[in-house]
1. If one computes the Cα centroid of region 70-100 and of region 6-45, what distance in Å separates the two points?
2. Once Rh is set to the Kirkwood radius over Cα pairs, what Stokes-Einstein translational diffusion coefficient, in µm²/s, holds for region 33-139 at a temperature of 20 °C and a viscosity of 1.002 mPa s?
3. Using Cα atoms only, what is the angle between the long axis of helix 25-36 and the major principal axis of the chain, expressed in degrees (0 to 90) to the nearest 10?
4. If you build a Gaussian network model of the chain, linking Cα atoms that sit under 10 Å apart, which residue out of I13, I29, I62 swings the most?
5. Using unit Cβ charges (K, R positive; D, E negative) and no other charged atoms, how large, in debye to the nearest 20, is the dipole of region 62-119 about its Cα centre?
6. For the chain, with a Gaussian network of springs between Cα atoms less than 10 Å apart, report the residue from L14, L72, L111 with the top mean-square fluctuation.
7. Can you give the calculated 222 nm mean residue ellipticity of the chain, where each DSSP H run of n ≥ 4 adds -39,500 (n - 2.57) and the sum is split over every residue, rounded to the nearest 500 deg cm²/dmol?
8. Could you state the angle between the C-alpha long axis of helix 66-76 and the longest principal axis of the C-alpha atoms of the chain, as a value from 0 to 90 degrees rounded to the nearest 10?
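Computed from the coordinates by the stated procedures, all read-outs in this text should not be read as laboratory data. It should be emphasised that the depicted structure is a prediction, and the values quoted were computed from it without experimental measurement. Virtual Cβ from ideal backbone geometry, glycine too; neighbours counted across all protein chains shown.
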Amino acid sequence: MPLECGRTLSHAILTVSTAISGGSLTEYISSLQGIYGAARIAAFLQPVSQDFTLPSPTPNGISLSAAARAALLAQTGAQPFFSRELCAKYFTYMNADGQAHFVLYDDDSTLAAKLAQLAGCGVQNVFALFPDAAGLLKPQT
């Protein structure tokens, strides 16, 4: 059950999105486990690919397809980085109007990092929608 709907239900398992744009995934999950109990928290593995203008007035940017993001990265020549706190990759660039942008995205390596952090937090259940995560998750052998 989504976190927003399950707060008042004492026995519901609450699904928490891993698509965060600020803070720390581990601290976020740990704080919710402290409030609701570790057994009630399940993760929703939600790949992100968003372009934010800076400063961003909202926690959500404009969605980018993998192809559009790759084209933007090639066009701008930006250098991607990995955020351990968010378990996501990002890069920054300036558009033609001089507006600063921050692009936050997942790939197979960031989803693996998210799964490792979730396991480290003791999260027992993880959900992912097909095909959203299908192209990013590598089958385990």
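1. Cα centres, region 70-100 to region 6-45: 28 Å.
2. Estimated via Stokes-Einstein, D reaches 141 µm²/s.
3. For helix 25-36, the angle is close to 30 degrees.
4. Of I13, I29, I62, the Gaussian network model singles out I62 as fluctuating most.
5. Taking the Cα centre of region 62-119 as origin, the dipole is about 60 debye.
6. L72
7. -8500 deg cm²/dmol
8. Long axis of 66-76 versus the principal axis of the chain: about 40 degrees.
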